[in-house]
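> Dropping the structure in here first, questions after.
The values are calculated or read from the model by the stated rules, or taken from the named source; none is laboratory data. Every value quoted in this text rests on a predicted model; they were computed, and no experiment measured them. No Cβ is skipped: glycine too gets one built from the backbone with ideal geometry, and neighbour counts run over all protein chains shown. These accessible areas exclude ligands, DNA and RNA; they are computed on the full protein's heavy atoms, side chains included. Shrake-Rupley method; radii C 1.70, N 1.55, O 1.52, S 1.80 Å.
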Amino acid sequence: MAATDFKDYYAILGISKTASPEEIKQAFRKLARKYHPDVNPNNTQAESKFKEVSEAYEVLSDTDKRKKYDQFGQYWKQVGEGFPSGGAGVDMGGFDFSQYGSFDEFVNELLGRFGGPGPRPGRQSYSSYRTSTGRPSGYGGFNDFGFQDVGTGASAGQQDTEAAIALTFAEAFAGVQKHYTLGNETIEVRIPSGAKTGTRLRLRGKGQFNPMTQQRGDLYLKVELQPHSFFQFEGDNLVCEVPITPDEATLGASIDVPTPDGSVNVKLPAGVRSGQSLRLRGKGWPSTKGGRSDQLVKVAIVPPKDLSQQEREYYEKIRAIRTYNPRSHLQQFKL
């Protein structure tokens, strides 16, 4: 494998190989905001960079994926310019990386995408595909695709195929239409609103052709949501973190909070604590059965770094007259 074939995800995010999960998240959020397609419309270079940053975060934010990626990096260094043939690869942590012909094959399988190192006994076949997107006025439901897990309801002898499909949060929230090129065939797929990572869509009769039965198997599309710079999932609910000032936390305030379909005004109660969550009912993710989950807003109190002279004087006055001691219960603390 050529040296240029390997992607250094740590360098892409601008972090060290010993970076903590929090440092990885912060680096991704910074770059995602910079290269997000909504901020750079019709900018193919920014879009490509955003996808690269998202891929790096998807791998490094997962402990198991990061470990296997680091092991693959060690293997790549040992092998150098070419992979050994005949399966006689370098053993790294009990895993044979010589089965992969390129870095892309490795990362595609790591992320459950198409184009792995090839079918083996007991494993699904992955097909490569190209996509183009558009947004029609209406979408079918998940049942239009026979929505279910892979491996259930497939007829014996049919050649079922599984492929991964990457969606942005915006596409999955609103629903999207995609066109797939599978060999010489173009397939139009409408993905309804509410898909999440792990959602599987079944397209009947769009899999591989079986010459024995003269029938085609089914094509299963497994949804993968690209990481978002602001929203994350906590179960079915959406979660976001919103910074507030110390005076807003103490006195209470009204602040604007982004939701998937626009900002809403939220009232902060006086005395709210850092880490406390406020629930916005019905502002979360669409359900395939109708309705929406909730959005949880986690509050983070952020003190100012640069104070004006007047601000500093007032803070010092507050400190001088303050009667509340949040550590009073620790004064008599003993083991």
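> State the number of residues belonging to the stretch 1-52 that are of a type outside the set (S, T, N, Q) and either in contact with a strand residue (DSSP E or B) (Cβ under 8 Å, 6 or more places away or on another chain) or part of a helix (DSSP H, G or I) (or both).
Final tally of qualifying residues: 27.
> Now a separate question. Give the stretch 181-195 a look and list any residue that's assigned to a loop (DSSP other than H, G, I, E, B), crowded, with 17+ Cβ neighbours inside 10 Å and of a type outside the set (G, A, S), or say none.
Residue satisfying the conditions is P192 alone.
> State all residues of the stretch 157-212 that are of a type in the set (S, T, Y) and either modelled with pLDDT of 85 or more or in contact with a helix residue (DSSP H, G or I) (Cβ under 9 Å, 6 or more places away or on another chain) (or both); if no residue qualifies, say none.
T168, S193, T197, T199
> Now for a separate question. Take residues that are without any contact (Cβ under 8 Å) to a residue 24 or more places away in the chain and charged (D, E, K, R) and tell me which of the strands (runs of 3 or more DSSP E) falling wholly in the stretch 221-322 contain 1 or more.
Filter on the stretch 221-322 gives 253-259, 262-268, 277-280.
> Give me a count of the residues in the stretch 3-43 that are surrounded by 16 or more Cβ atoms within 10 Å (Cβ to Cβ) and among the β-branched types (V, I, T).
Here the count works out to 3.
> I'd like the full set of residues that are more than 14 Å from the chain's Cα centre (by Cα) and either open to solvent by less than 60 Å² (accessible area, probe 1.4 Å) or closer than 18 Å to L167 by Cα (or both), limited to the stretch 44-64.
T44, A46, E47, S48, K49
> Taking the stretch 59-94 as the region of interest, how many residues are modelled with pLDDT under 85, among the β-branched types (V, I, T) and in a helix (DSSP H, G or I)?
The qualifying residues number 1.
Residue-by-condition table, conditions (1) basic (K, R); (2) at negative phi:
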site: G262; (1), (2): no, no
site: P269; (1), (2): no, yes
site: L278; (1), (2): no, yes
site: W285; (1), (2): no, yes
site: K289; (1), (2): yes, yes
site: K298; (1), (2): yes, yes
site: L307; (1), (2): no, yes
site: A320; (1), (2): no, yes
site: Y324; (1), (2): no, yes
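> For the stretch 300-323, check the following and say yes or no: at least one residue is within 30 Å of the chain's Cα centre (by Cα) and open to solvent by 90 Å² or more (accessible area, probe 1.4 Å).
The answer is no; no qualifying residue exists.
> Restricting to the stretch 165-180, name every residue that is open to solvent by less than 40 Å² (accessible area, probe 1.4 Å) and hydroxyl-bearing (S, T, Y).
Once the filter is applied, which keeps residues that are open to solvent by less than 40 Å² (accessible area, probe 1.4 Å) and hydroxyl-bearing (S, T, Y), the stretch 165-180 yields only Y180.
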